[in-house]
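Working notes for the structure below.
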Amino acid sequence: METLMTDVKKKVHNFSAGPGILPQEVLKQAAEACINFDNLHLSLLEISHRSKNFEAVMQEARALAKELLGLGDGYQAIFLGGGASMQFCMVPMNLLKAEGYAAYVNTGVWASKAIKEAQIIGNTKIIASSEGKKFNYVPRNYPIPGDADYMHITSNNTIYGTQMKNFPISRIPVVCDMSSDIFSRKIDCKKFDLIYAGAQKNMGPAGCTLVVVKESILGKTGRKIPSILDYSKHIKGESMYNTPPVFPIYVSLLTMRWLKKHGGVEWIEKINNQKANLLYGEIDRNSLFTGTAEKDGRSNMNITFLLNKPELEPEFDKMWKEADISGIRGHRDVGGYRASLYNALPLESVQVLVDVMKEFEKKFA
Ligand SMILES: *Cc1c(COP(=O)(O)O)cnc(C)c1O
């Protein structure tokens, strides 16, 4: 047999913001399942989603997602298509009453998009925003209205590199977009009534979105919802109301198994803290770089920073590319640099970046 692509040893340090890095062993298992899934001598891509082999995948994925979040009875996990962006409209359709309103915290591009979509469905109120300071911090100590149908927050702002460290305790349902930091740290998820996360940042490939919802908040709006957008229909269908995105769900399951096997969220949180401390330490120490987020709102997942002398960018870019680093250019709306340190990125990759930054300082400071 020819050499498999999966045997190629070249190591690229992948800091991509999304779709992001996945564990090597997960990619190999995924590649195998494309050819011979569960030893059926059939590809996962060519069998019925109603086959018992795939039903087992779906059941395990739904259970494991809840387990890793520390959630039990009362919550339902489903995997949907449409990306995290589809949740921007699905959340208000399912939770916002015709005469009611929803409270939103605006902490970045994704939160702003969520607000825009909710405004199409019903009334919204922005209860806190960091827009005035280019989203470089996370608002704190804002009052939460008791009469809103729900409040919506974004736990990690992928583009601006800020992250919520504390979560609101509220009497109204709390909805959280966790797309870019799900399974990255220990959180008391019982504080949330609905969590959603597009798979492609920290869980799997693009194409499926995890939604975990407390069932008791559903069915209260009196609104008519198209079936495909109705959480209750998907729950009733055990996340197979229609053909689910089988491959991204399977690869997400493989990643969740990988996480659980190594010690779960507690295990990865320690490593994620080490990685972030290492890189922030260097950004703060190095005379040529500045972090863009306010210190107490800094994200451990997406680390945004600027070169103090932008004219040196071509020199810096050359150096990190030579070190086999990939994906650290900042988002097109923000510029500068962004290193995404998702769960599957090893500490050694961060060390390589830090070494490049030190060498760069020696040459150009
Ligand atoms: C990437 C991202 C989204 C959008 O995800 P899609 O799957 O592309 O729709 C939404 N919210 C956050 C926080 C993100 O990082």
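The conditions are (1) open to solvent by less than 30 Å² (accessible area, probe 1.4 Å); (2) at pLDDT 95 or above, and PRO168 fails exactly one of them. Which is it?
Answer for PRO168: the failing condition is (2).
Give region 317-352 a look and list any residue that's outside any loop (DSSP other than H, G, I, E, B), touching a strand residue (DSSP E or B) at 6+ places or on another chain (Cβ under 6 Å) and not β-branched (Val, Ile, Thr), or say none.
Of everything in region 317-352, those that are outside any loop (DSSP other than H, G, I, E, B), touching a strand residue (DSSP E or B) at 6+ places or on another chain (Cβ under 6 Å) and not β-branched (Val, Ile, Thr) turn out to be SER326, TYR337, ARG338, ALA339, SER340, SER349.
Inspect region 148-157 for any residue being over 21 Å from ILE217 (Cβ atoms), of a type in the set (D, E, K, R) and not in a strand (DSSP E or B) and give the result as yes or no.
no
Condition check ((1) open to solvent by less than 50 Å² (accessible area, probe 1.4 Å); (2) part of a loop (DSSP other than H, G, I, E, B)) across all residues:
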| site | (1), (2) |
| --- | --- |
| ALA197 | yes, no |
| PRO205 | yes, yes |
| GLY222 | no, yes |
| ILE228 | no, no |
| TYR250 | yes, no |
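Can you tell me which of (1) surrounded by fewer than 17 Cβ atoms within 10 Å (Cβ to Cβ); (2) assigned to a loop (DSSP other than H, G, I, E, B); (3) more than 15 Å from the ligand (Cβ to nearest atom) is the one ASN136 doesn't meet?
(1)
Report the residue count in region 73-84 for those that are touching a helix residue (DSSP H, G or I) at 6+ places or on another chain (Cβ under 7 Å) and either open to solvent by 10 Å² or more (accessible area, probe 1.4 Å) or among the polar types (S, T, N, Q) (or both).
3
The conditions are (1) assigned to a helix (DSSP H, G or I); (2) buried (at least 19 other Cβ atoms within 10 Å of the Cβ), and THR304 fails exactly one of them. Which is it?
Evaluating THR304 over (1) assigned to a helix (DSSP H, G or I); (2) buried (at least 19 other Cβ atoms within 10 Å of the Cβ) leaves (1) as the failure.
Looking at (1) within 22 Å of MET93 (Cβ to Cβ); (2) crowded, with 21+ Cβ neighbours inside 10 Å, which one does THR255 not meet, given that it meets all the others?
That leaves (1) as the condition not met.
Please specify each residue of region 230-246 satisfying the condition of being more than 16 Å from the ligand (Cβ to nearest atom) and in a loop (DSSP other than H, G, I, E, B).
ASP230, GLY237, GLU238, SER239, MET240, TYR241, ASN242, THR243
Which one is nearest to the ligand (Cβ to nearest atom) among residues in region 207-216 that are on the phi < 0 side of the Ramachandran plot and open to solvent by 10 Å² or more (accessible area, probe 1.4 Å)?
LYS214
So which residues in region 182-228 are more than 21 Å from the chain's Cα centre (by Cα) and not β-branched (Val, Ile, Thr), if there are any at all?
Those that are more than 21 Å from the chain's Cα centre (by Cα) and not β-branched (Val, Ile, Thr): GLU215, SER216, LEU218, GLY219, LYS220, GLY222, ARG223, LYS224, PRO226, SER227.
Filter region 100-119 down to residues that are touching a residue at least 12 places away in the same chain (Cβ under 8 Å) and away from the ligand (no atom under 16 Å from the Cβ) and give me whichever is most open to solvent (accessible area, probe 1.4 Å).
For region 100-119, the residue satisfying everything is TYR101.
Could you list all residues from region 56-92 that are assigned to a helix (DSSP H, G or I) and within 16 Å of the ligand (Cβ to nearest atom)?
Result: GLY83, ALA84, SER85, MET86, GLN87, PHE88, CYS89, MET90, VAL91, PRO92.
The values are calculated or read from the model by the stated rules, or taken from the named source; none is laboratory data. Here the structure is a predicted model, which means the values were calculated and not measured. In this analysis, Cβ positions are derived from the backbone assuming ideal geometry, glycine residues included, and neighbour counts consider all displayed protein chains. Areas reflect the complete protein model, heavy atoms only, side chains present, ligands, DNA and RNA absent. Shrake-Rupley method; radii C 1.70, N 1.55, O 1.52, S 1.80 Å.
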